[in-house]
Every structure is written in structure tokens, then in C-alpha cells.
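Scroll down for the structure; my scribbles are underneath it.
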Amino acid sequence: MVNAANLLDIQSKIGVGMNNAQKLFVRVDLTNAVFGAAPTLTSATSTSTIAQGGADSAYVIFEVTASASKPQTDTATVAAASYKLHNNFAGSNVTFTVYETLTAAVNSGTALYTKSLANVVTVGSGLKQAYTAGTAVADVEAAFKKFTSNALTAAAGQLSSTVDGTTYSQAGTATVAADIYTAGDVKITGDFGLTGATYALRQNADCTGGTTALTVAGDKKSASTGAAMGANEYLCVTVTGTPVIPETTYTGSITYTAIATPSFAPAAFNGTVGTISRNGTTIQVPYVSTFSDYNQRLVLVNRGSADVAYSVTFTPEVGVTATAGTAAAGTLKANSTTILSAKDVVTITGATRTAATVAIVSASANIDAATTMVNLSDKSTDTVKLK
């Protein structure tokens, strides 16, 4: 690291009074670093030469000769044009020690004065990164086909990655992006399977401003930029057509391509970006069966004073297909109980079971739900309350 603007100069008082022509020996020790070039020691009314150590060494011993009487409060400044930091660098401390003889200085014998300086150099990431989790709310009044305020676009959270201008590069100048990485890639995991929807990073919370496109993976479980994002951007979802907006949590990872000769390669940054939620009722049904020996029913109770719409989606096992039946969507009458047969709700190919999610356009307090399973051979019944 270059000692630009004397940022890495080491300064301490001598700590020992000196007579004219008196000699003392000053030893300077570094931890987790070595002098990249031969250091110098300057102090008023004295001269100095290197007696041992120096360039490419973690220590240096100076022979200091007074050219006039010096009080113990006089200071000494040790400077090198550059320093080399270890790759596993965790911070560098400095010990400044004054000895009467060279032998004592070489062998770390009895000292006349010692000063320890902690964290003279520390390593920071050079990046300021954050995910400010937000929530885009799918509106119950729009049957979860729009966001609140009748909007078709909403921000689900914010991503931020900026250079920390208070840190310094290897050249000893304020850090810029080119000192750290050549490119960055944002990957966000979550549910990107909404039919017809588009996803992008936008500059403003209202999803306006410049756009960084997100490419959705084939499995619809992630999306990525393939290029560096802007300094502060929002994950924006735009709905087209009339699909039901799913609830999901988005998790982000920003990975960086380091410069050609990095001292410290930037690590990936991970965290929760944000969520999409619903302001109605969502019921998870872990087990729906169409097995012929049983008759399973889904019981939905609407205690509200208005009719409300419902819809059922499915999460089958790998290799299994679940196709919505005639009863997979419909209306729950006000102040009424609706009983749905599993065989009318779903047709399952490759197995006889699946998981399901019921979305109801109603406040949660108005809805109760359960499943009942009737064994057709002995008429026994098993009831599971879902909500």
C-alpha cells in the first residue's frame, strides 16, 4: 500500500532525553505487515541511519544521534514510501521502542521507553452494502391480482451497493469501484413464476427511473442482472394480465468480479431483499389426497357479511402433476360454510397427493378452514383444523 499524503507515517515521542552527540536505538515493529521500502526516521536536532531491518522486513532499528540536547518530549516520525499487507490481514499494530544499545534493540532487551499504537492500519470492505427489506402488498379487494392502491407495479425491497469513500486504496487515495471490482452481478431468489409479470431493478421507490433488467431463470426460482446494478435500486414487480399474485420472500446475493491483482477480493453480500404479501387470507393445506379409498373434503367457513372469492393453487411432488379442477376457484357465500371435495378441487397425475394453498379475498378474522378425511371402508373420519 502506497503511503500517499503521509497517511501511514508513524509518530511517537522519543520518551528519553538526549545530550549532544548521544546515541540511542529506536526499534519499530509491525504486525501483519512489512515495510515495502526502506523507512526513514526524522526528529529535530538529530540524525538517523538504519542499523538493522527495513525494507521487506516487519521491523526496523534506527541508530539515532543527537546534534544538540533533546528533551524527552521531542517526537520522531517513521515513514516508508509503501507497506505490504498480509493477505489474511486483520489490522496492523505498531510498537515503538527506545533502547540504549544496539544489542538490546536486536534482542528486545530492557527498554528505555515503549509506545504501542493499535490499529494503525485496518482493512475495510471498501463497499457500503445493504438490503432494506420492504413489502409489496397484493390487494384483497382486487382478488390478489393487483397491488394496493390499484397499482400493477410495486417495489418489494431495496438493494444498495456503493463505494465507501472514507476508505483508501492500495495507492493511498480515496477508494473507487475500480480499486475493488470490475463487475458485479445481482442474483435474487424467490417466486418469479407469476405469469406475464416482469421484474427489474429501478432507481426510485415508486418504480420509476433507470432500469436494470432482471433475467428470470428457467425454474422461475431466481432472477439475475448479469451486470452491475446501480448504487441504490428497488426490486420492482409489474403484473400483466390477471394472475393471482403469490406471497413470497426474496433473498439477494451480490457477487463481484475482483480486479486483476486484488489484495483482498470482495466477498459476496447476502440478505433478505423484501417480500410480497397479501392483505387477505392465505391458508396452507399440507396434504390433499384423491386416493380412491378415502373421501377428503376442504371445509371453508365465511363468517363475513359479503360473498368473497377464493382460489386454490398446488405444490405437487417432483414428477407429479396437479391440475386445477372445477372447484379450485369460486365464491364463498356470506355467513355460510362451503364444503369442497378434493376430487373436484384437483386432478393429480403420477400420485394421489399434493400440497395446496387457498387464497381468499377476505379479512382473516372472517375465515375458518379445516379438512376432513373419511375412510370409505369403515366410515371413520379424521378432521384437521387449518385456521
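Three principal axis extents of segment 142-292 based on alpha-carbon atoms, in descending order, are 71, 39, 23 Å.
For segment 365-387, the residues whose backbone nitrogen is under 20 Å from a point 7 Å from the Cα of PHE291, taken along Cα to Cβ, are 370-386. Stretching ALA258 away from ALA130 to a fully extended chain increases their span by 44.1 nm, per 0.36 nm per residue minus the current alpha-carbon distance. May I ask you to give the percent of accessible area on segment 331-384 that is carbon plus sulfur, with a probe radius of 1.4 Å? Carbon-and-sulfur percentage of accessible area, whole number: 50. When the charge dipole of segment 210-309 is built from unit charges on Cβ atoms (+1 for Lys and Arg, -1 for Asp and Glu) and taken about the Cα centre, the candidate among VAL285, ALA231, SER305 whose Cα reaches farthest toward its positive end is SER305.
Choose one answer from ALA351, ALA369, ALA143: the residue with the largest mean-square fluctuation in a GNM of the chain with alpha-carbon springs under 10 Å. Among ALA351, ALA369, ALA143, the largest GNM mean-square fluctuation belongs to ALA351. Can you work out the base-10 log of I(q)/I(0) for segment 1-72 at q = 0.28 1/Å, using the Debye formula on its C-alpha atoms alone? Cα-only, vacuum Debye calculation for segment 1-72: -1.30.
Rolling a 1.4 Å probe across the protein heavy atoms gives segment 60-199 an accessible surface of 47 Å² per residue. The overall shape of segment 280-385 is oblate: from the C-alpha gyration tensor, with semi-axes ordered a ≥ b ≥ c, the ratio a/c is 1.5 or greater and a/b is no larger than b/c. The convex hull of the Cα atoms of segment 255-342, projected and averaged over all directions, covers 10.5 nm². Think of the chain as a dipole: +1 on every Lys or Arg Cβ, -1 on every Asp or Glu Cβ, centred on the Cα centre; then among THR103, ASN375, SER48, ASN375 lies furthest on the positive end. The distance between label points at LYS220 and THR114 comes to 6.8 nm (points 7 Å beyond Cα on the Cα→Cβ vector).
Put simply, the C-alpha atoms of the chain give a gyration tensor, and the ellipsoid matching it has half-axes of 72, 22, 18 Å, longest first. Mean residue ellipticity, 222 nm, helices only, the chain: the sum of -39500 (n - 2.57) across DSSP H runs of n ≥ 4, divided by residue count and rounded to 500, is -500 deg cm²/dmol. For a modelled paramagnetic label at THR315, 7 Å from Cα along Cα-to-Cβ, the residues of segment 348-379 in reach, with backbone nitrogen under 11 Å, are 355-358. When its C-alpha radius of gyration is set against 2.2 N^0.38 Å (N residues), segment 1-43 gives a value of 1.42. Using Cα centres only, tell me the gap between segment 315-386 and segment 1-74 in whole Å. What the calculation gives is 81 Å, centre to centre.
On the beta carbon distance between ALA81 and THR49, with R0 = 22 Å, the FRET formula returns roughly 0.80. Can you work out the FRET efficiency for the pair GLN22 and ALA231, with r the C-beta to C-beta distance and R0 = 56 Å, to the nearest 0.05? Result of the calculation: an efficiency of 0.45.
Spherically averaged projected area of the convex hull of Cα atoms, segment 107-205: 12.4 nm². Note on segment 13-150: the alpha carbon radius of gyration divided by the globular reference 2.2 N^0.38 Å gives 1.85.
The values are calculated or read from the model by the stated rules, or taken from the named source; none is laboratory data. Being a predicted model, the structure only gives us computed values, none of them experimental. Heads up, the Cβs are rebuilt from the backbone with ideal geometry, glycines too, and the neighbour counts pull from every protein chain shown. Remember, those area values only see protein heavy atoms, side chains included, never the ligands or the DNA or RNA. Shrake-Rupley method; radii C 1.70, N 1.55, O 1.52, S 1.80 Å.
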